[in-house]
1. From the set of residues in the range A:55-65 that are under 13 Å from A:Ala11 (Cα atoms) and either surrounded by 24 or more Cβ atoms within 10 Å (Cβ to Cβ) or within 7 Å of another protein chain (Cβ to nearest Cβ) (or both), which is nearest to ligand 2 (Cβ to nearest atom)?
2. What are the pairs, 6+ residues apart or on separate chains, where a residue within the range A:55-68 that is touching a residue at least 12 places away in the same chain (Cβ under 8 Å) and within 8 Å of ligand 3 (Cβ to nearest atom) has its Cβ under 6 Å from a residue that is assigned to a loop (DSSP other than H, G, I, E, B) and among the acidic types (Asp, Glu)?
3. From the set of residues in the range B:179-198 that are at the interface with another protein chain (Cβ under 7 Å from one of its Cβ atoms) and among the β-branched types (Val, Ile, Thr), which is farthest from the chain's Cα centre (by Cα)?
4. Pull up the range A:45-54, narrow it to residues that are within 11 Å of ligand 3 (Cβ to nearest atom) and within 8 Å of chain B (Cβ to nearest Cβ), then point me to the one that is nearest to A:Val222 (Cα to Cα).
5. Take the residues of the range B:32-49 that are of a type in the set (S, T, N, Q) and open to solvent by 10 Å² or more (accessible area, probe 1.4 Å): which is farthest from ligand 3 (Cβ to nearest atom)?
6. Filter the range A:301-331 down to the residues that are open to solvent by less than 90 Å² (accessible area, probe 1.4 Å) and outside any loop (DSSP other than H, G, I, E, B), then identify the one that is farthest from A:Asp228 (Cα to Cα).
7. Mind telling me which of the residues B:Ala109, B:Ala61 ends up being without any contact (Cβ under 8 Å) to a residue 12 or more places away in the chain and either crowded, with 20+ Cβ neighbours inside 10 Å or of a type in the set (A, V, I, L, M) (or both)?
8. Just a yes or no: is a residue in the range B:188-207 among the hydrophobic types (A, V, I, L, M, F, W, C), within 22 Å of B:Phe241 (Cα to Cα) and within 16 Å of ligand 2 (Cβ to nearest atom)?
Amino acid sequence: MNAPATVPVLAVEELQRHYTLPREHLFREPGKVYALNGVSFEIQPGRSFGVVGESGCGKSTLARTVMALETPTAGTVRILGHDLFDLDKDALRALRRHFQMVFQDPYGSLDPRHKVGRVVAEPLTVSDEVGARDRVEKVADVLRSVGLKAADMDKYPHEFSGGQRQRIAIARALVTRPELIVADEPVSALDVSVQAQVLNLMRDLQDSFGVTYMLISHDLAVVEYVCDEVAVMYLGRIVERGRTEALFARPSHPYTRALLDAVPRPGVGRAKRGAALKGTVMSQTALGTGCAFADRCPMAKPRCLEEAPPLRDLGDHHLSACHYAEDVPAG
Amino acid sequence: MSLLRVENLEVTLQTSVGPARAVRDVSFQLERGQSLGIVGESGCGKSMTALALMGLLPEGATTAGRVMLGEDDLLTMPENELCGVRGNRLAMIFQEPMTSLNPLHTIGAQVMEPLLLHRGLHKSEARDEAYRLLDQVGIPNAKSRLDNYPHQLSGGQRQRVMIALALSCDPDILIADEPTTALDVTIQSQILDLIEQLVSRLGMSLILISHDLGVISESVDRVMVMYGGTVVESGPTQSLFHALAHPYTRGLFASMPRLGGKRERLTTIPGTVPDLADLPTGCTFAGRCPLVTEACRAAPPPRLPVADGHEAACIHLDLATAARPSELFS
Ligand SMILES: Nc1ncnc2c1ncn2[C@@H]1O[C@H](COP(=O)(O)OP(=O)(O)OP(=O)(O)O)[C@@H](O)[C@H]1O
Ligand SMILES: Nc1ncnc2c1ncn2[C@@H]1O[C@H](COP(=O)(O)OP(=O)(O)OP(=O)(O)O)[C@@H](O)[C@H]1O
Ligand SMILES: [Mg+2]
Ligand SMILES: [Mg+2]
């Protein structure tokens, strides 16, 4: 389907983002948070790319940088072939209509002073010249497609529940029919029946308009349902990447194994929770040698503490950053 | 006597389109050391039920019924007394970590505040305790992060600060509204273990609101399923998951994507929730139910027994349980 010559919708190369913490001490260097430490991947048109990983591992930072809402410390982001951090303001604004984001925090991202109709129409007003009638029609359509009512246009965001607000945020991202949608936990606030409606809608949009997705989610079943490919992140790096089904069926990184083992499954009665990972997350405020997962890894060997494992190709589009990728238990 | 007794709770909210009956006729009891899960459609009144217990409903909201904490009715308690109850006996993890943390204060200051206020610790003790609490919820390098502002933390880290805050005053009852939605599954399981320990060791009682049915099935003794502001099914976790009875509950389970499952189109429940400002006279689920008959629209359904302590508000339970959930809604 994808000729090798197609321009990826999104191409991220060696992306780094380091935050400086407030100075604790007048004479000491301020601390740093190493949020992204060299992330690279591409997404081809009409495909869906999932990003999963530990809370705080840099997923939202990655999303914000891809949306040009933050400037990276190093590395490049190309959308439809354009280097985002090499464009002037006008060119970037013109390009923006092609990529939209659903934020992790819908409360913070919906302007409480405006009615929902205006909030949802906002990207339309900047991107294209549509008549007022047309705009109302478009907003009504998109609200219905996320399971809300056209009449909800006249209410304020605070009059909705958490999940309803999340649907407003999704409607706003969909209204311009963008080519790339970066969705940060878009369904985590929804109950499963509304979630199913939204996930089906995301798939339908992909089938009919060829939308490309970058989807961040903690719900591995959601990622498996939507995404062709998935990247597993740990402390600012991709530690495993591959085709979703194959990767979840046969993980090649011990962190992915731990994630899969921790998924709660509704069973009959109070099943016992899978054992949690031992140990604490290694410092994010210093870059160590060796593998960042080593101190929590049940398979760690002396080599892991000394030598950082590179992301290596295991064949069949599967990459893993583990010295012992081949030994990860099948579960 | 039960620790908490909620009787016929009603909550009516003022909206721009008129009064909305967000919670109707909700009753339940909670014993010491017991845990109750609440699941249900987005917008069905879960958070409003929780906020009513906390006395933190939005402006203009009116209530009816009783919320008895021991001898005291929280619905009629004056605000200054309620404030003391909130600091000490009841604590809530709010669904919206960003709006419930103050963006202008460091997280250290916010976690220390109740420790200084309610537990009377000195500043340095409070700082040590704040560090311990943040470390306990798995915030890496907690010490150096006490001086961070909320926007400098990731979504899940903010959520964990909220959890630390709620646990700081050793509450008798913890109300956790979607406490782990922003957390990856390994940290989620660490947090749920922590809460479970507090329940089993210290006899804390728990109300857990979550739409993650896996989390619910692993974490609570009893489950209450809500739809359109009211309870449609409730029962012991084991019994409820073993024999889903109400058509809505069955539809809910059928819509869940399963890890390792086929990537077939997900089952959905067609239609949308009824308008709370204009509720139907009969069953609230009637407009979307595949089994609906005239009788369903005529009067609200009675709660019928399914098994010991397990009941569902539906007059077609036999038909509902006969069909596979995915067939019911296809
Ligand atoms: N403005 C900032 N200043 C300092 N540190 C920051 C800032 N924004 C994010 N961080 C830190 O960078 C790291 C990555 O944060 P990010 O929000 O990308 O995580 P995430 O993977 O999205 O996590 P979650 O799943 O919890 O949302 C975290 O340790 C966070 O505390
Ligand atoms: N401040 C408010 N003013 C008016 N109506 C409101 C307000 N907050 C919520 N509502 C309405 O009250 C109903 C119940 O809301 P509630 O927040 O309890 O839902 P919920 O079950 O917690 O949903 P979710 O799972 O999406 O968080 C919803 O239909 C919502 O639209
Ligand atoms: Mg995030
Ligand atoms: Mg809620």
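1. It comes out as A:Leu62.
2. A:Ser55/B:Asp184
3. B:Thr186
4. Selected residue: A:Gly53.
5. The first filter runs over the range B:32-49 and keeps only residues of a type in the set (S, T, N, Q), leaving B:34-35, B:42, B:47, B:49.
After this cut, where a residue has to be open to solvent by 10 Å² or more (accessible area, probe 1.4 Å) as well, the list is B:34, B:47.
Values: B:Gln34: 33, B:Ser47: 22 Å.
Here the residue is B:Gln34.
6. A:Cys304
7. B:Ala109
8. Yes, the range B:188-207 has at least one match.
The values are calculated or read from the model by the stated rules, or taken from the named source; none is laboratory data. Quantities reported herein were computed from a predicted structural model and do not represent experimental measurements. Please note: Cβ atoms are built from the backbone with ideal geometry, for glycine as well, and neighbour counts cover all protein chains shown. Remember, those area values only see protein heavy atoms, side chains included, never the ligands or the DNA or RNA. Shrake-Rupley method; radii C 1.70, N 1.55, O 1.52, S 1.80 Å.
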